[in-house]
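The next block holds one structure in the form of structure tokens; read it before the comments.
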Amino acid sequence: MNLRQTKIPLFFLAPTILLLTLFVIFPVVNTIYISFLGEEDEFVGLDNYAEVFSRRNFWAPQNLVEGKPPPYGALIHNGIWIVLHLPLSLFFGLALAILLRDVKGGAVIKSAVFLGMVIPMIVGGILLRFVYDDRAGILNGFLRIVGLGDLTRTWTAYPQTILLALILGTVWIWTGFSMIVYSAGLEGIPKELFEAAKIDGASRWQTFRRITVPMLKPATIIVITMTLLWELKIFDIVWVIQQGGPGGASMVMALMMFLEAFLNRSFGTASAIATMLTVLTFGFAAYMVYRMVKE
Amino acid sequence: MKPKLPELKLPKLKLSETVARLRKVKKTTILIHLLAWGVSLIWILPFLGVFMASIRPLPEILDGWWNFDVFNPTLRGFVGAWNHPTAPLNRALFNSLIVTVPSTFIPIFVAALGAYSFARFKFPTRDLLFFVLVLLQTIPQQMVIIPIFKIMISLGLWNNYIGLILVHTAFALPWQIFFLRNFFSTLPVEIEEAARIDGASYLKIFYKIVLPLTLPALASLTALQFVWVWNDFFFAIVLISSPEMKLATQAVAAMPGRLAIDWTVVSAASIMVMIVPIIIYVVLQRYYVRGLVAGAVKG
């Protein structure tokens, strides 16, 4: 290949390389660097990381160990988010994808379920706040109708309930994603497989277990990875409902990073949180990245 | 001449036959339909609620928007949100549009050029660059925001839409290039080679041959990127601070107070802010879903 030809991709790629270097790659390296600096930009090693872990807002496992209500700290809250949200979101997405496949008007229902993925997360948070409201919220209205009126409260106002309320709320908001990906996955399974299974006398459960689930593995990998990344980076909803409160009971890593950086002006600790968040993100995304590169 | 009317042959069904037909519909099918529509209510009711709340006065909402004993529809919420004293949507929606349109089309243009070189040329460091690109897709916004904040202040682009547009552009490039490179790889090379032999320049080939074939992929990118930028809150609150420059997501986030919430106004504001991405989704639904399912890492 001659020189003229090898210059063409560089010409086409120049704006990309410039923008990415300036606004993504340099900032990432710089954030790692800042995470090792103290207040006067002196090198302090891992002090910022130790400082972050000493904050109750980030790491407070004693409440969890003693069985008390949150706050457990942002890191643990994100962990709880993953443990509860991921299986529920996978289950509802797959269940809806299968259920709505043969239902009249299924496409309309799918669009409605998917709306949560389209609206701003800030508005999603406001919708949740409305649903959970003491007087105006439909959840409490429902509880009154079924005779559980004693339980009614503003579910997002108390440390005992806010974290769970928000996690279930994000199930409501994000199930559309797993549903859509699983729907596309289901369409990709050749009909002959199901017919062959039927002829061989396989039960519904066997067909599901031996054909549907294995054939949906690529879809499952996408859904799990993407959902994990969102659960780690969750910010808008928590911000608009209680800004991490009450008493830090809904604090999460992304929000704590923001507050450290732009409220307390402590760039060192904020960068330490951001770096940990990114390391976790890379860890969870590694398998998908590996598959993407292999392609 | 009298036109001959075709004779209508209506199937004469007796009631008993109709019932028998209905019976044939399996019980499980009916159950599945009931279950599906029941479950979908969970997803529809909050949207219905916010709509009802937006057109009813506050006292009626506090008694439950599902109660219709008294029903006095009002536009007070929409007017109030539009002319809100601290977060007027008339300005914020317009601001969001000013930021979102260039933040949608500039990165697509830049990414198309970049993706084309990845798909069609061999050059040193190509594989390494591509690996970096895939890796960059997963970077959280929090990981770049402090240096970006400092850079924008030193460039005089903080609290300036140009700064925000640049950041949105850069952040979109990794996943858009990845998406488009995969798309370009599926296009046949032969047409381009023929054009090359006829003496067309690479830039001309790109505009005249490749881009028109890429329209469906570009529609996916447009839909996803527009919605992503419109919905973004994090970059906006860090990079835009003047009240009159705030974007729609910032305005609607500022509306509910800590204690008493005027649900009529907040609901109307929510509707006005979310209707824009919903319209994009409805109009470009096919492309939106296709882009998302193609594994484009986003968020």
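The numbers here are math on the coordinates, done by the rules we state, and not lab data. Fair warning: this is a prediction, and the values are worked out from it, not measured in the lab. Using ideal geometry, Cβ is built from the backbone for each residue, glycine included, and neighbour counts are taken over all protein chains shown.
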- Query: In peptide B:111-120, how many Cβ atoms from other protein chains are near each Cβ within 10 Å, on average?
  - Reply: 4
- Task: Name the residue, out of B:87, B:170, B:112, whose mean-square fluctuation peaks in a Gaussian network model built on chain B with Cα pairs under 10 Å.
- Result: B:170
- Message: Which one, A:207, A:176, A:161, projects farthest toward the positive side of the charge dipole computed for segment A:161-212 from Cβ point charges (K/R +1, D/E -1)?
- Response: A:161
- Task: Take the Cα pairs of segment B:200-243, get the Kirkwood Rh, then feed it into Stokes-Einstein at 4 °C and 1.567 mPa s and tell me D in µm²/s.
- Result: 99
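As an exercise, use a Förster radius of 30 Å and the Cβ-Cβ distance of residue A:68 and residue A:264 to find the FRET efficiency, rounded to the nearest 0.05. Intermediate results must be reported in sequence, preceding the final value.
Values: r = 26 Å, r/R0 = 0.88.
With a Förster radius of 30 Å, E is 0.70.
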- Counting only other chains, what is the mean number of Cβ atoms within 10 angstrom of the Cβ of each residue in peptide A:246-255? 1
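Return the ratio Rg/(2.2 N^0.38 Å) for segment A:21-75, where Rg is computed over Cα atoms only. Don't skip to the end; give the middle numbers.
Working: Rg = 15.6 Å, N = 55, 2.2 N^0.38 = 10.1 Å.
My calculation over the Cα atoms of segment A:21-75 gives 1.54.
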- Put +1 on the Cβ of each Lys and Arg and -1 on the Cβ of each Asp and Glu in the protein assembly as shown; which of A:219, A:241, B:157 then has its Cα farthest toward the positive end of the dipole? A:219
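Relative to the compact globular guide of 2.2 N^0.38 Å, what is the alpha carbon radius of gyration of segment A:101-228, as a ratio? Intermediate values should be presented prior to the final figure.
Numbers: Rg = 19.4 Å, N = 128, 2.2 N^0.38 = 13.9 Å.
In units of the globular-protein estimate, segment A:101-228 measures up at 1.39.
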- Task: Compute the distance in nm between two label points, each set 7 Å from the Cα along the Cα-to-Cβ direction, one at residue B:190 and one at residue B:241.
- Result: 6.1
- Cα-only radius of gyration and Dmax that characterise chain A, units Å: 23.4, 80
- How big is the protein assembly as shown by the Kirkwood estimate over distinct Cα pairs, in Å? 26.4
- Using only the Cα atoms of chain B, construct the convex hull and provide its projected area averaged over every direction, in square nanometres to one decimal. 30.3
- Task: Could you pull out every whole DSSP H run in chain B that spans at least 18 Å of Cα extent along its own axis and averages 1.6 or higher on the Kyte-Doolittle scale?
- Result: B:27-54, B:263-283
- Query: Under 5 Å between amide H atoms, partner at least 5 residues away or on a different chain: which partners does residue A:37 have, H built in plane at 1.01 Å?
  - Reply: A:44
- Over the protein assembly as shown: helical MRE at 222 nm, DSSP H runs n ≥ 4 each giving -39500 (n - 2.57), nearest 500: -21500 deg cm²/dmol
